[in-house]
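Values in this text are rule-based calculations from the coordinates and carry no lab data. From a predicted model like this one, the values you see are computed outputs, not experimental measurements. Here the Cβ positions follow ideal geometry from the backbone for every residue, glycine too, while neighbour counts run over all protein chains shown.
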Amino acid sequence: MFGNLGDSGLHNLIHFGRAFFWLQLVRHAQMIPVRLFPVSSPPAPTELSDQPHSLPGVSSVELPTPTPTGATSQERPRSRPALSPSRAGDYKQCPLLYRFRAVDRIPETPTRAQVRGTVVHAALEALFALPTGHRVPDRAAELVRPAWERVSAESPEAADLIPEDELDAFLGEVGKLVATYYTLEDPTRFDAEACEVYVETELENGVRLRGFVDRIDVAPTGEVRVVDYKTGKAPREFTESKALFQMKFYALVLLRTRGIVPAQLRLIYLASGSILTYAPDHDELIRFERTLSAIWKAILAAGATGDFRPKPGKLCDWCDHKSLCPSFGGTPPPYPGWPDLLSAEPVVAKENS
């Protein structure tokens with residue numbers, strides 16, 4: 001398998017029905033080597049980035065140009081919608097938020113934290129592009145500034161968020177997170193099969209799933225591990241279910257695209273220096289597939305009529321679209337219609353056979 005997860009740490013076992021989380025505060029994660037395969041360029045997705053840490057589209061899709069508050073992006077190419085961990089989470093949190101992001105595709109203002117996360121991911125991606133023996137901490141530190149230069153070149157909006165007189169301090173924050181990575185894994189002991197992987201599949205009932213996976217590892221014995229970097233702290237109790245949802249989503253996509261259940265899904269929280277791992281099973285993923293189908297059926301029903309209702313909650317104060325929300329006296333832009341480009345017929349939810 002993937003070797004010892006660490007020689008010290010605190011293990012908190014958290015039970016969610018029949019699922020188990022192991023939250024491990026690890027100092028050194030030792031893994032046996034895994035095979036490295038070439039990665040083909042992914043097709044360009046058309047919805048917002050699936051990574052909460054990243055700017056919309058840096059290195060993956062075109063960064064949206066900021067527009068005045070309330071302006072929609074109906075002139076953008078509109079393709080058949082799909083479900084991702086973040087978009088499914090949006091609909092569960094607030095159907096209107098889902099509409100703003102996935103249907104209207106209203107640009108959102110990037111934050112400093114998102115820029116920092118994007119640069120960290122770019123640095124770690126560059127790290128795994130190096131030969132195994134070169135992935136030492138000093139070399140990783142040298143990759144931070146080139147990663148920033150890459151991100152800022154691809155996203156002028158990111159560069160605007162970090163003034164020149166704050167750049168050294170900002171890169172210091174990135175460097176600290178990259179250094180923390182070495183307390184959790186030793187990248188000189190293994191190779192990744194692929195980094196920054198775009199995955200997509202369609203379920204038998206027509207639900208289209210897609211997302212970005214930070215890293216996929218394959219052991220010599222064939223076991224697969226899916227890894228996602230988080231530049232925030234490990235989730236508290238009220239956000240643990242969201243992390244579980246994301247990990248199950250990627251496990252299901254791997255099951256449907258490769259025909260295997262990943263042996264391990266791993267979330268690496270760099271701000272807190274902790275690791276959250278999860279080992280899914282086949283029956284659980286089939287049940288989760290039905291959950292996604294139910295969410296998609298509800299989305300399609302709302303999409304056919306435009307009835308995406310707001311669901312006020314604690315996160316509203318941090319929403320970029322609060323001024324457009326009827327719950328706070330705002331008015332959404334005119335509904336552009338459901339972008340079902342594969343058929344001129346009305347959108348209808350497909351049932352499981």
Legend entry - Net dipole in debye of region 143-214 [+1 Lys, Arg Cβ; -1 Asp, Glu Cβ; about Cα centre; nearest 20]: 200
Legend entry - Net charge over other residues, Cβ less than 9 angstrom from the Cβ of residue 216 (K, R count +1; D, E count -1): -1
Inset, instruction - Run down the lysines and flag those whose C-alpha is under 23 Å from the C-alpha of residue 248, throwing out any fewer than 8 positions away in its chain. - result: 92, 230, 233, 297, 350
Inset, instruction - Compute the length gained on full extension between residue 221 and residue 113: take 0.36 nm times their separation in residues and subtract their Cα-Cα distance, giving the result in nm to one decimal. - result: 35.1 nm
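Can you give me the Rg/Rh ratio for region 171-299, using Cα atoms for both radii and the Kirkwood formula for Rh?
Rg/Rh for region 171-299 comes to 0.99.
How much net charge surrounds residue 127 when only the other residues with a Cβ under 9 Å from the Cβ of residue 127 are counted, with Lys and Arg +1 and Asp and Glu -1?
Result for the local shell: +1.
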Inset, instruction - Quote to one decimal, in nm, the extra length available between residue 317 and residue 160 on full extension: 0.36 nm per residue of separation minus the C-alpha distance between them. - result: 54.1 nm
Legend entry - Label-point separation in nm, residue 167 to residue 134, each point 7 Å along Cα→Cβ: 2.4
Legend entry - Kirkwood Rh in Å, taken over all unlike Cα pairs in region 225-323: 15.7
